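The structure appears right after this line, and notes come after that.
The values are calculated or read from the model by the stated rules, or taken from the named source; none is laboratory data. Please read all numbers here as calculations on a predicted model, not as lab measurements. Cβ coordinates were reconstructed from backbone atoms using ideal geometry, including for glycine residues, and neighbour counts include every protein chain displayed. In case anyone asks, the SASA skips ligands and DNA or RNA and just uses the protein heavy atoms, side chains included. Shrake-Rupley method; radii C 1.70, N 1.55, O 1.52, S 1.80 Å.
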Amino acid sequence: MEADFWNERYGREPGHFYGTDPNAFLASVAAQIPPGPVLCLAEGEGRNAVHLAMLGHAATAVDQSAVGLAKARDLATARGVALTTVVADLAVYPFDPGAWSGIVSIFAHLPQPLRRTMHAAVVRGLAPGGVFILEAYTPDQLAFGTGGPKDPALLMRLEALRVELAGLELLVAQEIERDVREGTGHTGRAAVVQILARKR
Ligand SMILES: C[S@@+](CC[C@H](N)C(=O)[O-])C[C@H]1O[C@@H](n2cnc3c(N)ncnc32)[C@H](O)[C@@H]1O
C-alpha cells in the first residue's frame, strides 16, 4: 500500500491507530536484543521503537509515512526518549551492514519481492549476536477479519520466512493463533507468524 494510504489513515486517527503500547510479542522478547542500536522497519506511529528507546536502545524508525513518523516523534517526546525517524520507502532504504543490535518488523506486509530483498538486507544488517524480531499475519488471518491486509500476496508463512532468513539462528519460529488487541487497527483473534532470530 502506498504512502498516501497510510498518511491518510494515520492523519484521520486522532490517537494512534495501533495504540501506543508495544506489540505484545516484541515486548515479550525485547530483552533478547543485546545493547546497541535498533532499527524498526515499517514502524508507523512508533509504538515499538519508543518502547525499545525506553529500554535504553538508540532507536531508529523507518516508514514511508511522514504523518505516522510525526506521531512517532510526538510519542517519543511524551515518553521523554530520543528517536531517530527516517521517511523512506523500504525498497530504497540503505541497510548498513553489521550495524544493528536489533531489527524489528511488526506487521510489515510488503509485496513478496520487496520482502525477500529486505530480509536479505536484515541478515546483512545485523551485527554478530544481533537479533531480528518479526510478527505478521499469515494467510489464515483472512478468515478472522480482525486486521491486516486483504491481499493474500502480502501475508506470509513461516516456511517462506525460514528460507528468506537463512543465515540466522531461529530461536522462536512459529505460526500461532492469539488475541491481538493493539489500537483500533488490530482487534481480536488472529493468525500470526512470530520469529525471534539471532545472527551468529
Ligand atoms: C500495519 S502498519 C504497522 C505499523 C507498525 N509496525 C506497528 O506495528 O504499529 C504497516 C506500516 O508499513 C508501512 N509500509 C508499507 N510499505 C512500506 C514501504 N514500502 N516502505 C516503508 N514503509 C512501508 C506503512 O506506511 C505502515 O506504517
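Below, the figures for the structure above:
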{"quantity": "Residues (modelled with pLDDT of 95 or more and buried (at least 16 other Cβ atoms within 10 Å of the Cβ)) located in the stretch 176-200", "calculated": "Ala190, Ala191, Val192, Val193, Gln194, Ile195, Leu196, Ala197, Arg198, Lys199"}
{"quantity": "Scope the stretch 15-50; condition open to solvent by 20 Å² or more (accessible area, probe 1.4 Å), within 13 Å of the ligand (Cβ to nearest atom) and part of a loop (DSSP other than H, G, I, E, B); matching residues", "calculated": "Gly15, His16, Phe17, Tyr18, Thr20, Asp21, Pro22, Ala42"}
{"quantity": "Residue ID - nearest to the ligand (Cβ to nearest atom), chosen from residues in the stretch 99-117 that are touching a strand residue (DSSP E or B) at 6+ places or on another chain (Cβ under 7 Å) and over 13 Å from Leu154 (Cα atoms)", "calculated": "Ile106"}
{"quantity": "Filter pass, Thr77 being at pLDDT 95 or above, away from the ligand (no atom under 11 Å from the Cβ), β-branched (Val, Ile, Thr) and within 15 Å of the chain's Cα centre (by Cα)", "calculated": "no"}
{"quantity": "Residues located in the stretch 128-165, provided they are assigned to a strand (DSSP E or B) and either of a type in the set (S, T, N, Q) or open to solvent by 10 Å² or more (accessible area, probe 1.4 Å) (or both)", "calculated": "Pro128, Gly129"}
{"quantity": "Restricting the stretch 86-127 to residues that are open to solvent by 40 Å² or more (accessible area, probe 1.4 Å) and part of a strand (DSSP E or B), the residue that is farthest from Lys150 (Cα to Cα)", "calculated": "Val86"}
{"quantity": "Scan of the stretch 51-66 for residues that are part of a helix (DSSP H, G or I) and surrounded by fewer than 21 Cβ atoms within 10 Å (Cβ to Cβ), ordered by number", "calculated": "Met54, Ala66"}
